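Structure first, then comments.
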Amino acid sequence: MSLLLTHLDGHPDILNHLKKTLNIPAYPIIHHQFPDQESLIKINWSCENQTVLLLTSLENPNPKILPLLFAAKTLKAKGAKQVILIAPYLAYMRQDKSFHPSEGITAHYFAELISPYFDGLITIDPHLHRIPELSDIYSIPTFVGHAAPLLAEWIKNHLSQPVLIGPDAESEQWIKATAQNQNLPHFALEKKRLGDTSVEITSEDLTQWQTHTPVLVDDIISSGHTMIEASKLLREQLGKKPAIVCIHGLFAQNSDALLLPYCTQLITTNAVLHQSNQIDVTPLIVEGIHQLT
Ligand code: R5P
């Protein structure tokens, strides 16, 4: 089956890696915005009977969604046999339950919105916490790449005597998977969320870890406050700043600048493009392409 690669709302780093690794052509989708902000999608290349891999980055998702859905429709209208979405960061996974009676479960609604437009979805470490599998909410074939072995490799090559620390219970699956890869010690702190940008982090006595290099590991950094409060606690208890290793560095409202003074290093994967990217997730995406096509 022949494959075509295309992209919307760019991810130049992964796009270039994919082009080289798969040795397939990549064509742009033209997104024209009219003065009234309506969108027109133009595809001026042939995709008839092709499987099209559509790469997009879904951080700050809201303005990207409608053009993305129009792009999928336009590709199908132009004769594409299949359109497979590659979203290295999958948005809207954290509202995975109704935390208050007034709230809906946006993770479900987003999956229901996206699924009918695509024939498959490839992503990296979606925030699967209360939803066990992506296939529980997405009605299309999905591939989930796990970055833990890549995180573990980076930690092994760059830090001496690391102890992996999750800032909260939700991070446990990622610290466990990362630690197992290199047989590293690990534990999680406790977090109480008070609001969008306000958290409280607590822990037991940590003095036994004073000779180790503390490494905070999590799947997502958004406002940065989880990592800031966790770093403060480690500084108080261990007398040193941690290194921070994260899969999806969203850094909402420039929170990277707020966070940097609290850590020795800030390292992310290129699932979301950022200057802290040091870990390339393209091999995981390639595995997903092989599996879904
Ligand atoms: C949520 O459970 C995630 O794993 C992160 O801990 C969370 O998204 C971090 O959010 P923030 O950076 O806004 O504190």
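Listed values, structure above:
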item	result
Calculated P(r) tail over 14 Å for the stretch 65-118, as whole % of Cα pairs	60
Under the Debye formula (equal points on every Cα, no solvent term), log10 I(q)/I(0) of the stretch 194-293 at q = 0.12, 0.21, 0.22 Å⁻¹	-0.45, -1.04, -1.10
Cα gyration tensor, the stretch 98-189 - rounded (a/c under 1.5), prolate or oblate	oblate
Listed pairs LYS176/LYS240; LYS20/LYS73; LYS42/LYS78; LYS192/LYS240; LYS42/LYS64; LYS19/LYS156 exceeding 20 Å between Cα atoms	LYS176/LYS240; LYS20/LYS73; LYS192/LYS240; LYS19/LYS156
Cα-derived Rg to Rh of the stretch 241-282, Kirkwood definition	0.95
Residue-level accessible surface for ILE228, protein heavy atoms, 1.4 Å, Å²	10
Solvent-accessible surface (1.4 angstrom probe) belonging to SER46, in square angstrom, nearest 10	90
Computed accessible area, MET93, all protein chains, 1.4 angstrom probe, square angstrom	10
Under 19 Å from LYS81, Cα to Cα: aspartates and glutamates that are on another chain or at least 8 residues apart	GLU48, ASP119
Degrees separating the helix 225-238 axis from the principal Cα axis of the chain, which is the longest one	30
Hull volume in cubic angstrom per residue (convex hull over the Cα atoms of the chain)	137
Value of [θ]222 nm, deg cm²/dmol, for the chain, DSSP H segments ≥ 4, -39500 (n - 2.57) each, nearest 500	-9000 deg cm²/dmol
Eligible aspartates and glutamates near LYS241 by straight Cα distance, threshold 17 Å, same-chain separation 8 or greater	ASP205, ASP218, GLU229, ASP256
Where GluC sites (Glu not before Pro) fall in DSSP loop in the stretch 186-290, at most 10 other Cβ within 10 Å	GLU204
The stretch 1-105 - Rg and Dmax from Cα coordinates, angstrom	15.6, 50
Fraction of beta bridges assigned by DSSP in the stretch 1-127 that are antiparallel (%, nearest 5)	20
Bridge type composition, the chain - antiparallel percent by DSSP, nearest 5	20
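The values are calculated or read from the model by the stated rules, or taken from the named source; none is laboratory data. Since the structure is predicted, the reported quantities are computational estimates derived from the model, not experimental observations. So basically every Cβ, Gly included, is an ideal-geometry build from the backbone, and we count neighbours across all protein chains shown. For accessibility, only protein heavy atoms count, side chains too; no ligands or nucleic acids. Shrake-Rupley method; radii C 1.70, N 1.55, O 1.52, S 1.80 Å.
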